[in-house]
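The values are calculated or read from the model by the stated rules, or taken from the named source; none is laboratory data. Only a predicted model underlies this, so the values are computations on that prediction, with no experimental measurement involved. Backbone-built Cβ (ideal geometry, glycine too); neighbour counts: all protein chains shown. Accessible surface areas use protein heavy atoms only, side chains included; no ligands, DNA or RNA. Shrake-Rupley method; radii C 1.70, N 1.55, O 1.52, S 1.80 Å.
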Amino acid sequence: MLDETEDFLEDELMNQDVSADDENSGLYEHVNITVDKKQEPLRIDKFLLIFRQNSSRNKISETCKAGNVIVNGKPVKQNYRVKPGDEISVLLTHPPRENVIIPQDIPINIVYEDSDLVVVDKNPGMVVHPGFGNWDGTLVNALAFHFAKDPNYNSDLDRVGLVHRIDKDTSGLLVIAKTEYALSFLAKQFFDRTTKRLYWAFVWGNVKDDTGTVTGHIGRHPKNRMQMYTYEDGSHGKHAVTHYKVLERFRYMTWVECKLETGRTHQIRAHMKHIGHTLFNDARYEGNFAMRGVDLPKYRKFVQNVFEVLPRHALHAHTLGFIHPTTKKEMYFESPMPQDMQEASERWRKYLDNN
C-alpha cells in the first residue's frame with residue numbers, strides 16, 4: 001500500500017497555495033508591468049533589476065537575448081530605454097533558491113548533451129528537484145554531480161537549469177539548460193506551449209472512442225487536497241485541454257497516448273479520472289485496485305501481480321521536441337516504453353490470450 005504522506009511530500013506543488021496548478025509553477029514567472037508616468041528614461045536591464053531585485057544583470061541580459069522581454073508588443077534588447085506608459089511583459093526563469101544543491105553520484109540516463117543543454121530519460125521513482133521532504137537524492141543533485149565532472153562546464157546559472165518537471169513516479173524525457181540563455185530560450189517554449197510532448201498512459205477500462213478530447217478547468221480537489229480535480233463548469237481552477245488516442249486495448253485496461261494543449265499539475269491524471277478512466281495503479285487517484293474486470297479471486301490476484309511489476313502510476317513522457325537555443329533547429333527525442341510498463345502490458349496480453 002502506498003504511503004500517501006510520502007507521496008504527498010514528493011510533489012512540492014501540492015504544498016503550495018491552491019492557485020499553483022501549473023505543472024511548471026515556480027520554475028519561471030510571467031510579469032506584466034506598466035511603467036509609471038513619472039518614470040525617467042532608463043535602460044530596461046537596469047529598470048528590471050530594480051523591479052526584480054532577486055535577479056542578476058546577466059539573467060536580465062540573457063532574458064532579453066532570448067526574446068523574453070516584450071515592450072508594447074515587441075521584443076527589445078537590454079539597452080532599450082523604458083518610457084512612461086510602456087507596457088512591459090517579461091518571462092523570468094526561477095530566482096536563486098536558498099538551499100544549496102549538493103552534487104550526488106546518482107546514475108542517470110543521459111540521451112543527449114551539448115554545451116547548451118542535456119536531455120535525460122528519467123526513471124520512475126526519482127524526484128526531479130529538491131523540496132520539502134526530499135532535500136537530496138533528486139535528479140537535480142545527480143545533474144550537479146555530472147556537471148561538476150565536466151572541465152568545460154562553466155555555467156552562469158545559480159543552480160541546475162531545470163526548465164520543466166514531471167512527477168516522481170512518471171518516467172520519461174526532460175530537458176535541462178546549462179546556460180542562462182538556454183534556460184530563458186527553452187522556458188519561453190514551455191510557457192508558450194510550442195514544445196512537442198506526448199505521454200503514454202495505461203488507464204482503467206475500455207475507452208469507448210479511438211480518439212477524444214477532455215476539456216475542463218483543473219484545480220485543487222474540493223475535499224481531497226492530495227488530488228487535482230476537473231471542474232467541467234469552469235467554476236474553479238484553470239482551463240485545461242487533453243487530447244487522447246487509443247494505442248491498444250486490454251479489455252479491462254487501455255493504453256492511450258495523450259497530448260496536452262495546456263500544462264496543469266496532474267493534468268492527465270485528473271482528466272482521465274474525470275472521464276472514468278483513472279490511471280492504472282495511481283494510488284493518489286484511487287486507481288490502485290481492480291477497478292474494472294470480473295469479480296473473481298483469480299482476476300484480482302492477477303491484477304495484484306501486475307501491480308507488483310508496475311508499482312506506480314502508469315504514465316510515461318514518451319516524446320520531447322523543441323527548438324535548440326543556439327542552432328535554432330528543431331530537436332526531437334523519443335523514449336521507449338520503460339521496462340515496468342512493458343512487462344505489465346505483456347502480462348495483460350498473456351492473460352487475455354488465456355481467458
Please report, to two decimal places, log10 I(q)/I(0) for the chain at q = 0.06, 0.07, 0.09, 0.12 Å⁻¹ as given by the Debye formula with identical point scatterers on the Cα atoms and no solvent. -0.25, -0.33, -0.54, -0.92
R0 of 35 Å, Cβ-Cβ distance Asn72-Arg193: FRET efficiency to nearest 0.05: 0.90
Ignoring ligands, DNA and RNA, what percent of the accessible area of the chain is carbon or sulfur (1.4 Å)? 50 percent
How do the peptides 36-42, 101-107 rank, highest first, by the average count of neighbouring beta carbon atoms within 10 Å per residue? 101-107, 36-42
Cβ charges +1 (Lys, Arg) and -1 (Asp, Glu), total dipole of segment 175-256, debye: 200 debye
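If the chain between Asp114 and Lys149 were fully stretched, how many nm would it gain, using 0.36 nm times the residue separation less the Cα-Cα distance? Walk me through the numbers on the way to the answer.
On the way: separation 35, 0.36 × 35 = 12.60 nm, distance 1.43 nm.
Length difference between fully extended and current span is 11.2 nm.
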Can you work out ³J(HN,Hα) from phi for every residue in segment 174-186, in order, using Karplus 6.51 cos²θ - 1.76 cosθ + 1.60 and θ = phi - 60°, giving whole Hz and x for Gly and Pro? 9, 10, 10, 7, 10, 9, 5, 5, 4, 4, 5, 5, 6
Could you report segment 278-355's accessible area per residue, 1.4 Å probe, as an integer in Å²? 49 Å²
Report Leu27's accessible area, 1.4 Å probe, all protein chains in place, as a number in Å² to the nearest 10. 10 Å²
Using the alpha-carbon centroid of each, what span in Å lies between segment 227-245 and segment 287-339? 21 Å
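Kindly provide the helix-only [θ] at 222 nm of the chain, computed as the sum of -39,500 (n - 2.57) over DSSP H runs of four or more divided by all residues, to the nearest 500 deg cm²/dmol?
Working: 8 runs with 84 residues, N = 355.
Value at 222 nm, helices only, nearest 500: -7000 deg cm²/dmol.
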When the chain is fully extended, how far beyond the present Cα-Cα distance does Asn58 get from Thr215, taking 0.36 nm per residue of separation? 52.5 nm
Ranked by how many other beta carbons lie within 10 Å on average, peptides 273-285, 251-263, 206-218 from highest: 273-285, 251-263, 206-218
Pairs of alpha-carbon atoms within less than 8 angstrom and 6+ residues apart define the contacts here; what relative contact order does segment 130-221 have, in percent? 18 percent
What FRET efficiency comes out for Gln342 versus Lys223 if R0 is 41 angstrom and r is the Cβ-Cβ distance? Round to the nearest 0.05. 0.70
Heavy-atom accessible area of Met126, protein chains in place, probe 1.4 angstrom, given in Å² to nearest 10, is 30 Å²
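Can you sort Trp204, Trp135 by 1.4 Å-probe accessible area, starting with the largest? Intermediate results must be reported in sequence, preceding the final value.
Working: Trp204 0, Trp135 150 Å².
Final ranking, largest accessible area leading: Trp135, Trp204.
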By the C-alpha gyration tensor axes a ≥ b ≥ c (rounded if a/c is under 1.5, else prolate when a/b exceeds b/c, else oblate), the shape of segment 215-355 is oblate
Amide H of Asp22 versus every other amide H placed in the peptide plane: which residues, excluding those fewer than 5 positions away on the same chain, fall under 5 Å? Thr265
Students often forget the sequence filter, so: which lysines lie under 17 Å Cα-Cα from Lys301 once same-chain residues fewer than 8 apart are removed? Lys350
